[in-house]
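Beneath this line is the structure, given in structure tokens, with notes to follow.
The values are calculated or read from the model by the stated rules, or taken from the named source; none is laboratory data. Source: prediction; values computed, not measured. With ideal geometry, Cβ positions are generated from the backbone for all residues, glycine too; neighbour counts draw on all protein chains shown.
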């Protein structure tokens, strides 16, 4: 018989499992706001060798690490599975093979320990992280999600109630960062490497385009910006000019951020956020 969750007057402890990409992670959360433990096994150094995440390698590493990561999360939080009221696990979107590892593990623990299982949408997880970072935060609010593979503008109406105002039409911001970083020889992961290089450059040196989607005023598009950067690099190489890496990184980053901020502020004004 499945153990019932406690009522609202008691503490609720949730074991959270995440394997959507290249990090095997487990955490224990109390009452949806307080982090008792947060254990992460990163694969970044491994995927650097290939210039990006290799799905098959990511899946195999999750299998290797997931048991010890969960055990460490429980140990650090000073709890056992007997103390856990529910298991939350990322079910998508993400790399299919990687997701399957986390979901299979969560299902197994849920079945063996008779603990309720809750599937969590990846983007909803990003949004809900704000409740941990800002423990007094309550809906409604406007949320900009800028992760590796997703760029969303979401009107959070209530807990679990979302209105997606904008999303990427092609490349997400994180994907554009990774591809541009690879093109200028900075390697993986692109975001922090371009950011570090941008601090040394002039963000107004190169005027890259800022896309505006006519039939979706809050949607994002970064493929044109990425192409503009690649064309600039190819043009410089063909004419024998030196590529100003720092200026290019700063100008590219400013173009991305300008679009993110513009759409967010326009939406916030329209919706009174």
key: Single residue of the range 112-146 satisfying the filter (surrounded by 15 or more Cβ atoms within 10 Å (Cβ to Cβ) and in contact with a helix residue (DSSP H, G or I) (Cβ under 6 Å, 6 or more places away or on another chain)) that is nearest to residue 193 (Cα to Cα)   = 146
inquiry  = Quick check on my filter: what residues within the range 84-120 are outside any helix (DSSP H, G or I), modelled with pLDDT of 95 or more and under 21 Å from the mean Cα position of the chain (by Cα)?
reply    = 87, 88, 89, 90, 91, 118, 119, 120
task = Check whether at least one residue in the range 69-83 is in contact with a strand residue (DSSP E or B) (Cβ under 8 Å, 6 or more places away or on another chain), assigned to a loop (DSSP other than H, G, I, E, B), buried (at least 21 other Cβ atoms within 10 Å of the Cβ) and assigned by TED's automatic domain parsing to the domain that holds residue 133, and report yes or no.
result = no
key: Criterion: in a helix (DSSP H, G or I), in contact (Cβ under 8 Å) with a residue 60 or more places away in the chain, touching a strand residue (DSSP E or B) at 6+ places or on another chain (Cβ under 8 Å) and surrounded by 14 or more Cβ atoms within 10 Å (Cβ to Cβ) - qualifying residue of 268, 249, 273   = 268
Residue 49 vs. criteria over 29 Å from residue 260 (Cβ atoms), outside the structural domain of residue 261 (by TED's automatic domain parsing) and free of Cβ contacts under 8 Å to residues at least 40 places away in the same chain = yes
query = Which members of the range 180-220 meet the condition of being in contact with a strand residue (DSSP E or B) (Cβ under 9 Å, 6 or more places away or on another chain), under 12 Å from residue 256 (Cβ atoms) and surrounded by fewer than 19 Cβ atoms within 10 Å (Cβ to Cβ)?
reply = 211
